[in-house]
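Everything below concerns the one structure shown next.
The values are calculated or read from the model by the stated rules, or taken from the named source; none is laboratory data. Predicted model, so just to flag it, every value in this text is computed and none were measured. Heads up, the Cβs are rebuilt from the backbone with ideal geometry, glycines too, and the neighbour counts pull from every protein chain shown. Remember, those area values only see protein heavy atoms, side chains included, never the ligands or the DNA or RNA. Shrake-Rupley method; radii C 1.70, N 1.55, O 1.52, S 1.80 Å.
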Amino acid sequence: MPRWNKVLGRRLLERWYDYTPDSWQPDTVRKAVILCPKSVGDGMAIYPIIRALQARHVDWLCVVASHRNAPVFETLKSEGAEVQIVPRDRDYKAVKTLARNLRARHGSIDLCVDATGHATSPGIYFVGKLKARMNLTYSAYNMQAFADFDQPITYDTSLPTRWSKLIEKVGLGSVEGRFELPIPANIDQEVHQWASELGPYVLFNLDGGAYGYCS
């Protein structure tokens, strides 16, 4: 499909699912949803916004994940957060159904954060069906449903830093921009018990080619 057709199709989707949100009022956020049905790295990168919302002691926090990155959010369940899974971000029917179900269960949701990384059709569908009072993203949508803030930094900056800068800019808090990969306590204990029998050892990261010394 020619690029201009894709752009036109995206604009039509945005126009169809767009709506007028409330004015930006971060102090009124009590119920929040974060959309991130992507890969593991994308999930690790959105912890700044998760930690900022937790620090505000919101009443309800939900992360919409994929099967690929859901384990990254497993420990959040013990912290009171809800994790919902869609098979994949291009499963548009599942994305829209989940948004409708969340709205039916929780009524008016204060904040929806689109953390898909760039303007996407799943993001448009989810935001349009959830109809949260406010929406936030650093991506380049053409929808008035999203709070209108300038890009916090250039795209050559790490994802967690982008979120950290944006969060501070919009008044949601000040958190460190870093990746997180929380490990459930039972897994951590199991690995520690196994590793303690080895004594000092060398750990290789075969994916990145770097190695480190662990004791």
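Note on the stretch 21-145: dipole from Cβ charges, positive end direction compared against Thr116, Trp24, Val58; the farthest Cα belongs to Thr116.
With the simple spin-label model, which puts each label point 7 Å out from Cα in the Cβ direction, the Lys169 to Gln189 separation comes to 4.3 nm.
Separation of the stretch 129-190 from the stretch 78-106 is 18 Å, based on Cα centroids.
Over the chain, with the other protein chains present, what is the accessible area per residue in square angstrom, probe 1.4 angstrom?
Per-residue value: 55 Å².
Along the chain, the exposed loop sites are GluC sites (Glu not before Pro) outside DSSP states H, G, I, E and B with at most 13 other Cβ atoms within 10 Å, and the longest stretch free of them is 1-175. Within the stretch 49-66, which residues have the backbone N less than 19 Å from the label spot 7 Å out from Trp24 along Cα→beta-carbon, could you tell me? Residues passing the 19 Å test: 49-54, 56.
Beyond a 18 Å Cα-Cα separation, which of these cross-linked pairs lie in this structure: Lys6/Lys96; Lys31/Lys93; Lys96/Lys131; Lys77/Lys169?
Over 18 Å Cα-Cα: Lys6/Lys96; Lys31/Lys93; Lys77/Lys169.
Applying the criteria of a DSSP loop state and at most 13 other Cβ atoms within 10 Å to the chymotrypsin sites (Phe, Trp or Tyr not before Pro) of the stretch 1-104 yields Tyr19.
The dipole here belongs to the chain: it is taken about the Cα centre, uses +1 on the Cβ of Lys and Arg and -1 on the Cβ of Asp and Glu, and is about 1140 debye.
Scan (1) 0.93; (2) 0.96; (3) 1.01 for the value of Rg/Rh (Cα atoms, Kirkwood Rh) calculated from this model and give just the label. Among (1) 0.93; (2) 0.96; (3) 1.01, the one calculated here is (3). Database remark: amide H of Glu82 closer than 5 angstrom to the amide H of Leu61, Cys62, Val63 (H placed geometrically; neighbours at sequence offset of 5 or more, or on other chains; Pro and chain starts carry no H). Only aspartates and glutamates eight or more places from Lys38 in sequence, or on another chain, were considered; those with a Cα closer than 14 Å are Asp89, Asp91, Asp114.
Ligands, DNA and RNA left out, the 1.4 Å accessible surface of the chain is 52% carbon and sulfur atoms. Round to the nearest 0.05 the FRET efficiency obtained for Arg11 and Asp156 when R0 = 35 Å and r is the Cβ-Cβ distance. The value I calculate is 0.85.
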